[in-house]
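Colleague: Take this structure first; my questions come after.
The values are calculated or read from the model by the stated rules, or taken from the named source; none is laboratory data. Note that the structure is predicted; figures quoted are calculated from it, not measured. Here the Cβ positions follow ideal geometry from the backbone for every residue, glycine too, while neighbour counts run over all protein chains shown. Side chains included, ligands, DNA and RNA excluded: accessible areas come from the protein's heavy atoms. Shrake-Rupley method; radii C 1.70, N 1.55, O 1.52, S 1.80 Å.
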Amino acid sequence: MDNLHNLYRAFFENINCSVLFLNSSLEIIGCNQKFLNTTGYDNDYLHGVNIIDLLRTNHSKIKDQLRNPANMQNNSGSSTINLDIKCRDGSFISMKFFMHNPGDSSGSEEIIIYSNDIIQATEQAAGAQESVYKKIVDTAPLGILTISKSGAIIELNQKLVEILGSPSLEATKKINCLEFEPLIESGLTRDIIDCLNTGNTIISRKQYNSKWGKKLHLKYYITPAQVEKGEVVKIQMIVEDVTSLKKTEEELEKYRNRLEEMIKERTDQLIEADNLLKKEIEFHHHAEKELLKASKIESLGIFAGGIAHDFNNLLTAILGNLSLARYETDKNGRISMMLKEAETASLQAKVLTQQLLTFSKGGAPIKKATSIQDILIDTTYFVLSGSSIKCDFFISPDLWNVLIDQGQISQVVHNLIINSMQSMPTAGIISIHAENRAITEEDGLRIKNGDYILIKIKDQGGGIPEENFHKIFDPYFTTKENGSGLGLAVTYSIIKRHDGYITLESKPDSGTTFFIYLPATKIEIDEKAKDRSDEILLNGGRILVMDDDEMVLLVVERILVHLGFESICVKNGNSAIETYMAAKESGRPFDLVIMDLTIPGGMGGKDAMKILKEYDPGIKAIVSSGYSNDPIMANYEKFGFSGIASKPFQLNELKNELSRVITLNNS
């Protein structure tokens with residue numbers, strides 16, 4: 001204890017005798033100023049010096065006594081010896097020393113030797129020492145008491161009275177430390193008994209509830225004060241009130257716990273922030289991939305859009321003339337069969353053109369409320385026809401409707417079934433699931449929250465390597481020998497334009513599953529819709545046709561004449577406006593207008609329709625296009641049109657649309 005050490009230091013510094021502290025090897029570990037003044041040494045020189053080295057060489061007997069101090073101790077644990085001490089200047093001073101070893105059974109305590117100068121009277125020195133000791137004890141900042149073997153308090157200082165909150169010194173002296181209840185309850189009595197029985201020095205801290213109402217935390221030091229015949233008869237106890245320190249420690253503990261909680265809380269926040277950052281990085285990484293993919297698709301779209309318009313005009317002329325030619329020949333004849341084969345080949349070219357158009361900005365889906373079930377079943381059976389592949393359907397009976405472009409979604413199913421077939425060249429089973437799914441943020445999908453139809457198409461093929469996942473929807477990427485690399489790229493583009501989402505799961509030799517999410521709709525399907533082509537009055541009606549392509553004008557005119565209409569053809573929007581207004585003012589108005597959306601170098605159908613709608617709000621018009629870079633084909637009604645004719649079209653397709661539009665307000 002630091003306070004005890006300071007107390008002893010103050011005591012020995014103030015007594016009128018020389019004092020030396022030795023360890024068990026008789027090495028000097030300390031001394032007081034009186035010894036330094038007498039011998040002329042300083043502390044640095046003396047520290048660690050063996051006391052034997054400071055004696056006359058002929059003191060061999062004395063040296064033996066010092067090496068074995070226990071042999072010369074009396075019952076009090078002390079002994080007296082005359083020593084000739086060598087001073088720093090080489091002279092010797094004869095001094096009488098009293099040796100004291102306050103040790104316990106361990107033998108590890110220090111040896112203290114102290115002496116008055118031989119000239120001084122022993123009694124006078126003892127009195128002075130006692131006076132100094134009493135003064136130090138009385139003014140010490142610690143409680144000090146001496147206890148007898150019976151537990152009686154022999155002496156104590158005023159500080160102990162203050163610490164315990166006792167009313168007086170006398171009241172405190174009446175306490176028997178072996179019987180006093182507060183001491184017993186706190187555990188101090190047990191330590192007092194231990195020191196009396198064993199001679200062990202005890203240092204401890206205890207909570208102590210004073211008889212006089214004080215609740216304290218005490219730090220104390222108990223050590224033997226007198227030993228007779230190997231038995232401890234007195235002990236000394238030094239007590240320090242550490243209640244404030246204990247409170248400070250408790251407050252520090254609270255702050256430490258709070259700090260740990262704050263650190264943990266902050267650590268959790270940092271972990272959460274780190275996870276969010278990782279998700280953000282993953283999202284941006286995915287977005288970069290999507291942007292790159294979109295860039296590739298856009299590049300392909302620019303190429304596709306550049307050729308789509310002209311190619312579809314050519315197909316319109318081809319398909320239109322083939323349709324007319326079939327009407328002019330024997331349906332069962334050889335020529336009719338060849339025309340049908342040519343028409344089938346042209347329709348395959350139409351599918352290819354539609355795939356290319358899917359990449360372009362003009363490939364916006366023309367949506368209507370539909371049940372996905374028929375598209376899934378019909379398209380799958382059509383693709384699998386004649387193959388050894390089987391398909392199992394698991395379609396929810398209460399499946400929601402979807403708002404889709406039937407042709408484009410049919411193309412998606414077609415492409416995915418083809419992909420599954422190619423992964424199972426010999427045989428296998430394709431499983432198709434369709435179910436309702438409400439999507440929330442917890443699903444972790446990159447689509448808006450809401451109601452969706454989930455379509456799962458699973459095959460039993462060889463699977464797709466994970467390193468190809470990020471490339472699977474890229475244009476022209478394929479691992480198949482005869483693949484074009486367009487099927488899944490088209491599929492991805494179509495689903496994206498429907499505000500949907502497509503992803504996949506695959507493992508080598510475990511097959512592949514594609515997951516398609518399409519937004520559900522509450523719009524009901526029009527069950528009354530039907531083919532109105534037979535309702536057309538073939539002997540009446542005038543139609544104005546506007547298109548910049550001569551071949552398209554020619555074939556449309558032939559189809560209209562075949563259907564019983566009179567037609568007038570013009571090549572741009574300005575001519576269409578002039579012709580329409582002139583006909584209306586002459587009393588022979590047109591019943592319907594068919595206008596191409598895009599006229600290179602001239603006014604197209606969009607601008608012409610705006611003017612004509614202002615002139616004649618009741619105008620009926622069909623917009624026709626093989627390619628457009630705006631959404632008119634998907635939202636034609638918003639621009640004043642009554643119907644659409646997507647190029648390339650056949651005779652019956654145009655016939656049905658004419659029937660629908662002409663009878664639109666007459667049904």
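Colleague: Could you work out how much longer the chain between residue 336 and residue 449 gets when fully extended? Use 0.36 nm per residue separation minus the Cα distance between them, nm to one decimal. Numbers along the way, then the final one.
Modeller: Working: separation 113, 0.36 × 113 = 40.68 nm, distance 5.33 nm.
Between residue 336 and residue 449, full extension yields an extra 35.4 nm.
Colleague: Moving on to the next point. Roughly what would the spin-label model give for residue 607 and residue 366, points 7 Å off Cα along C-beta, in nm?
Modeller: Calculated label separation equals 2.5 nm.
Colleague: With only alpha-carbon atoms in the gyration tensor, what are the semi-axes of the equivalent ellipsoid for region 592-667, in Å, largest first? Please list the in-between numbers first.
Modeller: Working: eigenvalues 70, 56, 19 Å².
Working through the eigenvalues yields semi-axes of 19, 17, 10 Å.
Colleague: Mind giving me the FRET efficiency for residue 168 and residue 89? R0 is 45 Å, r the Cβ-Cβ distance, nearest 0.05 is fine. Could the numbers behind the result be given before it?
Modeller: Working: r = 55 Å, r/R0 = 1.22.
E between residue 168 and residue 89, to the nearest 0.05, is 0.25.
Colleague: OK, next. Between residue 248 and residue 395, how many nm apart are label points set 7 Å from Cα along the C-beta direction?
Modeller: That separation, rounded to one decimal, is 8.3 nm.
Colleague: Going from the alpha-carbon gyration tensor of region 129-226, what semi-axes, largest first and in whole Å, does one get by taking the root of 5 times each eigenvalue?
Modeller: On the way: eigenvalues 74, 63, 32 Å².
So the three semi-axes of region 129-226 are 19, 18, 13 Å.
Colleague: Under a 1.4 angstrom probe, counting protein chains only, how are 385, 25 ranked by accessible area, largest first? Write out the running numbers ahead of the final one.
Modeller: Values: 385 90, 25 70 Å².
From most accessible down to least: 385, 25.
Colleague: Which whole-number percent of Cα pairs in region 155-293 have a distance greater than 28 Å? Spell out each step's value before the answer.
Modeller: Working: 4533 of 9591 pairs.
That fraction is 47 percent.
Colleague: Suppose each label sits 7 Å from its Cα in the direction of the beta carbon; what would the residue 663-residue 23 distance come out to in nanometres?
Modeller: Computed distance between label sites residue 663 and residue 23 equals 11.9 nm.
Colleague: Please find the FRET efficiency linking residue 270 to residue 442, where r is the Cβ-Cβ separation and R0 is fixed at 35 Å, and quote it to the nearest 0.05.
Modeller: Numbers: r = 23 Å, r/R0 = 0.66.
Computed FRET efficiency for residue 270 and residue 442 comes out at 0.90.
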